Every structure is written in C-alpha cells, then in structure tokens.
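Working notes for the structure below.
Values quoted throughout were computed directly from the atomic coordinates according to the rules given, and no laboratory measurement underlies them. Here the structure is a predicted model, which is why all the values come from computation and not from measurement. Methodologically, a virtual Cβ is constructed for each residue, glycine included, from the backbone with ideal geometry; neighbour enumeration extends over all protein chains shown.
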Amino acid sequence: MSLVEVPELIEFLRREAAALGFSQIGVADVDLSVAEEGLLAWLEAGFHGEMAYMERHGLRRARPAELRPGTSSVITARLDYLPRPSSEPAGGSNNDDWRAIEWHRLEDPAQATVSLYARGRDYHKTMRQRLGKLADALQQRVGPFGHRVFTDSAPVLEVELASRSGIGWRGKHTLALDRDGGSMFFLGEIYIDLALPPTPPVDEHCGSCRACIDVCPTGAIVAPYRLDARRCISYLTIEHAGPIPVELRPALGNRIYGCDDCQLVCPWNKFARKSGLAEFDVRPPFGDATLLALWRWTEADFLRLTEGSAIRRIGHARWRRNLAVALGNLLRDARCERQLADEVRAALAGQRDGADDLLREHIDWALAG
C-alpha cells in the first residue's frame, strides 16, 4: 500500500462507515503497554468484582496481537444510541429535553428505569453486523486480509483504543467522551493485520468538572478515571448474580437495569446525538412501564418481551431480584400513596412462597419497608 493510498483509504472507510450508520471511525496502533500498569492496579484492587473473566484475561486486554495474532492496527468505530423520541413536541425538539425526561423518570418512584442503551435492540448484534459489513467493504477495496470484529465481546480495552484513535477522550467516569457527541454511543473494533497509520487522538476536556463523581448514587467512581464496579449500579443490576448489598439497595431507587446518572449529569451530553437507527428506538415495555406492571410479568412474558434485547441475558430471576429492590424503595418513599403501597405489598407477598432463596430475601427486605 503506497503512501498516496493511505489517506484515500481512511476517507473510504469513513464514507463506508457513515453509510452503515457509524458516527465516527478511527485507527489505533496496537502498543497499549502504557495502559498495563493501570489495568493491573484496577484488578489487584478487586474493582472488577465477580467479573472473573477480566482477571482471567489479565494483560491480554492490553495486547491486541495476543488476542488476535498478526494484528497490526485496530479500526475503531462509534455508533450513537440515544433513542429518537416517539413524538416531537410542538415547535420542534430541544436536544437537551431527553435529560430532563430521564431525571423526571428517576424522581418518580413508581416508574421503572432501564438504562437508555438497553431500551432498543441488543447493540451487540447491531454493532457486530455493521462492523462485519465495513470489514467486507475494506476487503473489496484492498483485497483479502486477516481480521476479527469485536463489540464488548472479548478482552478489549475499548476506551483506550477509542481515545488513541481520536474517537474521544476518557472521561472521569471512565467512559469515552466526544465534544460533539457526548458519551451516548457504543464502541466497536476491527482487529486487522494491515498496518495503517493511527488517526490522531483528541485533547481531554473534563477540566476541573467532577459532576459525574458527585452524582453517582453509590459512590462507585472512587477517584477521577477510577471505577469500583462492585458499587456500580450497572454492575449490580446486570453482572452481579448474588444478593445486592443491603447498604446499597436504597441507592438503586427505581433503577432496574443499568444506570445513566453519570452521563445525564455530564455537560458534554448536551451535544449527544440521537441515533438514526430504528434498532435503538424504545420498545414499548421500556418507555413508561411501572415497577408493578413489570413485577407482574411471568417468565414467559419476560422472554417474549425481551426477545432481541440486551436485557434478556440477565435472566428472569435477576430481573425480579432488581424489581424487588426497586419496589422496596417505592414502599419506603413518602410519595407512595397508601392504595399503591397496598397493591405493591400484596404483589410482593403473593410471589414469596414460590420464590427461591435469593428472591425471597429481597422480597422480605422490600416488605420490611
């Protein structure tokens, strides 16, 4: 590949990526050695919690050529996921309205809050399909080459690669941030055995801001750029299989799958872009469902209504555990009217006898409120 062809190839990738719905494309080198010390310190502190696969893979995450032998470059991709509104308000829409809507949802203890990224189709499938098509387009341009596609599916330092390739910078909440698009996007990678020149990184723009640190309900962001997953609501409601620590249950509020608080408060997310993909439109069950309505789902309902959703992977048992905690928080909230409280208590008590030990523990905690 000649020096003349390289800039043209990058522009070709950008055009193809835009046609596939990607917002941004970059190229990173594979020398991530500077990230190894921080990764080891994070693991040694136990901040990965029960995610044993992170410790098992160890430094492999920082060594792309070990994950896929022969890898010379990594193509990084950004896919915006902020759902489009179901209807636009009269006179047009303010892009900042979505944050106000989400804060309002969190303030209503009877509402169920699912992280924005999980309200549409499972991003793993959507991202993987598009990355595969991008790799195919590149092969048609330059001929066959070795590659492998990743999207949150292997030991990959996604934010590190994104930062190196100019997709954004690492925010203090540890997520990738972009001045023109905030942080409401997925990351994906194509490991390739072609040596492409890296695209330049961008400057960091968090400055002295610590809004994400201060807003975290459980204090999971223990220092700038340092997250203790064991306290993170996203980890507790998705990755963690056992009982949710009693001292952290009140902080979950009505969050039953994930948490967006550190992104909602981030000033850069005033620039977050709505996704142009129908796959990320909000599915009806997750737009305005109440906790009580979701608690009444049978397992068959759960499997049917979460088909094609990232939510399904936590399973019905973990889903009900999360709901029991949120319903307990509802009962403890002074705004919960007596009639609703009676309905909630009856619904919880009605499921207690058939519950396994884990769920029964959380039901009992909820009813004690």
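Using 0.36 nm per residue and subtracting the Cα-Cα separation, the extra length available between CYS209 and ARG313 on full extension is 34.0 nm.
Partner lysines whose Cα lies under 25 Å from the Cα of LYS270, excluding those fewer than 8 positions away in the same chain, are identified as LYS172.
Here the convex hull built on the C-alpha positions of the stretch 319-369 has a volume of 59 cubic angstrom per residue. When the alpha carbon gyration tensor of the stretch 207-296 is reduced to an equivalent ellipsoid, its three semi-axes come out at 23, 22, 11 angstrom, largest first. Where only DSSP H runs of four or more residues are counted, the chain gives -11000 deg cm²/dmol as its mean residue ellipticity at 222 nm, each run worth -39500 (n - 2.57). Net charge dipole, the stretch 214-279: roughly 140 debye, given to the nearest 20, about the Cα centre with Cβ charges of +1 for Lys and Arg and -1 for Asp and Glu. Assuming charge only on the beta carbon of Lys and Arg (+1) and of Asp and Glu (-1), the dipole of the chain about its Cα centre is about 440 debye to the nearest 20. Averaging the inverse of every distinct alpha carbon separation and then flipping it gives the Kirkwood radius. What is it for the stretch 184-233, in angstrom units? This gives a value of 14.3 Å.
Loop-located chymotrypsin sites (Phe, Trp or Tyr not before Pro) in the stretch 97-197 (DSSP state not H, G, I, E or B) with no more than 14 neighbouring Cβ atoms inside 10 Å: PHE145. Kirkwood's formula applied to the C-alpha pairs of the stretch 233-369 gives a hydrodynamic radius of 16.1 angstrom. As a size descriptor, the averaged projected area of the C-alpha convex hull of the stretch 227-279 was calculated at 5.3 nm².
By the rule of a second cysteine Cβ within less than 4.7 angstrom, the chain holds isolated cysteines at CYS206, CYS209, CYS216, CYS232, CYS259, CYS266, CYS336. Both radii come from the Cα set of the stretch 83-201: Rg as radius of gyration, Rh as Kirkwood radius; their ratio Rg/Rh reads 1.05. Applying 0.36 nm per residue to the separation of GLU66 and GLN129 and subtracting their alpha-carbon distance, the gain on full extension is 20.3 nm. Relative contact order, whole percent, for the chain stands at 22, derived from Cα pairs under 8 Å and 6 or more residues apart.
Using only the C-alpha atoms, the convex hull of the chain corresponds to 149 Å³ per residue. Within the listed set ARG170, ARG321, ARG338, the Gaussian network model of the chain (springs between alpha-carbon atoms below 10 Å) gives the highest mean-square fluctuation for ARG338.
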